[in-house]
């Protein structure tokens, strides 16, 4: 029984890790793009970006996930655009998570960029640096130092938020643990697998916490 439960939880946790990794790979660069839109001098683009961020941050991730997964199949004549089975659920979950976290990351980026003193940018122009050189060699490096703590919090929250994907039956680690209560692999009424799911999260988040603490120490030269 124990080996059966651990095997199912390992499989579910791998799905959790895949969703976590894909979300970061998509949300980190997309968030930077959205932050540029939110700071753009082109008014329509700025207001469009800020409106999207406001809507995404103001509505629950669970609702966004349900809308992205179910609504297209209800309004499109061709039916649901998502592939059948687990792959379709994963794709819909990844898109929902990427959009959601990109909007949160964009506000962190925006605060970090705008927090760098404008005098440093003016000094760069006086020295003959281009705007792109100033951004990558001056603003970006200092922005990273400023955004590491809030980004770390959001990334750790992302690990736990992946459990929301079970609302569309994505078989992540909590779904795997809960299945043994309902009846899975010939077992039912087992509650202790859920305790093990907590250990998976604690160990992984503990590793992330140590990693981000190390990153902060490495960036101390900006003091």
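The values are calculated or read from the model by the stated rules, or taken from the named source; none is laboratory data. From a predicted model like this one, the values you see are computed outputs, not experimental measurements. A quick note on method: Cβ atoms are made from the backbone with ideal geometry, for glycine too, and the neighbour counts reach across all protein chains shown.
Every residue, every condition in (1) at pLDDT 80 or above; (2) buried (at least 19 other Cβ atoms within 10 Å of the Cβ), yes or no:
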site: 140; (1), (2): no, no
site: 155; (1), (2): yes, yes
site: 175; (1), (2): no, yes
site: 216; (1), (2): yes, no
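Is it fair to say residue 134 is part of a helix (DSSP H, G or I) and within 16 Å of residue 217 (Cα to Cα)? Spell out how you get there, then give the answer.
Numbers: part of a helix (DSSP H, G or I): yes; within 16 Å of residue 217 (Cα to Cα): no.
Considered against the rule, which asks whether it is part of a helix (DSSP H, G or I) and within 16 Å of residue 217 (Cα to Cα), residue 134 comes out as no.
Could you tell me whether residue 44 is outside any helix (DSSP H, G or I) and more than 22 Å from residue 146 (Cβ to Cβ)?
In short, no.
Report, by residue number, each residue of segment 82-127 that is in contact (Cβ under 8 Å) with a residue 12 or more places away in the chain, assigned to a helix (DSSP H, G or I) and closer than 16 Å to residue 141 by Cα.
108, 109, 110, 111, 112, 113, 114, 120, 121, 124
Quick check: is even one residue across segment 48-61 without any contact (Cβ under 8 Å) to a residue 12 or more places away in the chain, part of a loop (DSSP other than H, G, I, E, B) and either in contact with a strand residue (DSSP E or B) (Cβ under 9 Å, 6 or more places away or on another chain) or under 22 Å from residue 162 (Cβ atoms) (or both)?
There is at least one residue in segment 48-61 that is without any contact (Cβ under 8 Å) to a residue 12 or more places away in the chain, part of a loop (DSSP other than H, G, I, E, B) and either in contact with a strand residue (DSSP E or B) (Cβ under 9 Å, 6 or more places away or on another chain) or under 22 Å from residue 162 (Cβ atoms) (or both).
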